[in-house]
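Remarks on the structure that follows.
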Amino acid sequence: MREMRSIAGAGLAALLAGALWAAAPEAHAETLHATLAQAPAETAAERGRVTGLPVPRYVSLKAGRANVRRGPGTDFPIDWVYTKRGVPLEVTAESDHWRRVRDHEGDGGWIWHTMLDGARSAIVTGDRSEPQPLHDKPDEAADIVALLEPGIVASVRACKAGWCRLEARGHGGWIAQDALWGVYPGEEFE
């Protein structure tokens, strides 16, 4: 029996202060964003034997619909289907054209490589009763431009010094890096 799971309907909440949703990341090949997709040296224990990119690494879902299988091939059953473009996933293994991924809930499986994008996205974490502030500058004292409810998916444009720049439908700002799933602690990129 197949278990179908929709990420779009599984806890992605509206953004407070304007109901902003992340703009879908531009479609780019996984390998073109190797510098954006690299995990910090201390977590990147190896390189993928297919792409040569770090494993593990974060990517995002390129397609609006993608099957997740029990193994690396179409002979394996589909366990669920992702239906939200831009959702962050962590690549944990490679096998030819297949990537084993893990989502923010810890669920994993195998997905066809063209369903993934090197453009970065993240999910806001934390207690749903306490929205996370999005600042106009990477500073706790900076003006708050929006409040992000945990569960929101946003595009990540850069991370530095413990802060990440997020964008959602033309609105952008900075959030504390530890309030996100989809970036490694201490990871920096532009």
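The values are calculated or read from the model by the stated rules, or taken from the named source; none is laboratory data. Predicted model only: the values in this text are computed from it and were never measured. To get the accessible areas, we keep the full protein, side chains included, count just its heavy atoms, and leave off ligands, DNA and RNA. Shrake-Rupley method; radii C 1.70, N 1.55, O 1.52, S 1.80 Å.
Checking Glu94, Glu187, Glu167, Glu130 one by one, the residue that is modelled with pLDDT of 95 or more and over 23 Å from Trp80 (Cα atoms) is Glu187 and no other. Of the strands (runs of 3 or more DSSP E) lying entirely inside segment 72-190, those carrying at least 2 residues that are of a type in the set (A, V, I, L, M) and open to solvent by 40 Å² or more (accessible area, probe 1.4 Å) are 144-148. Considering segment 19-62 alone, what residues qualify as being open to solvent by less than 20 Å² (accessible area, probe 1.4 Å) and at pLDDT 90 or above? Hits for segment 19-62 are Gly48, Leu53, Pro54, Val55, Arg57, Tyr58, Val59, Ser60, Leu61.
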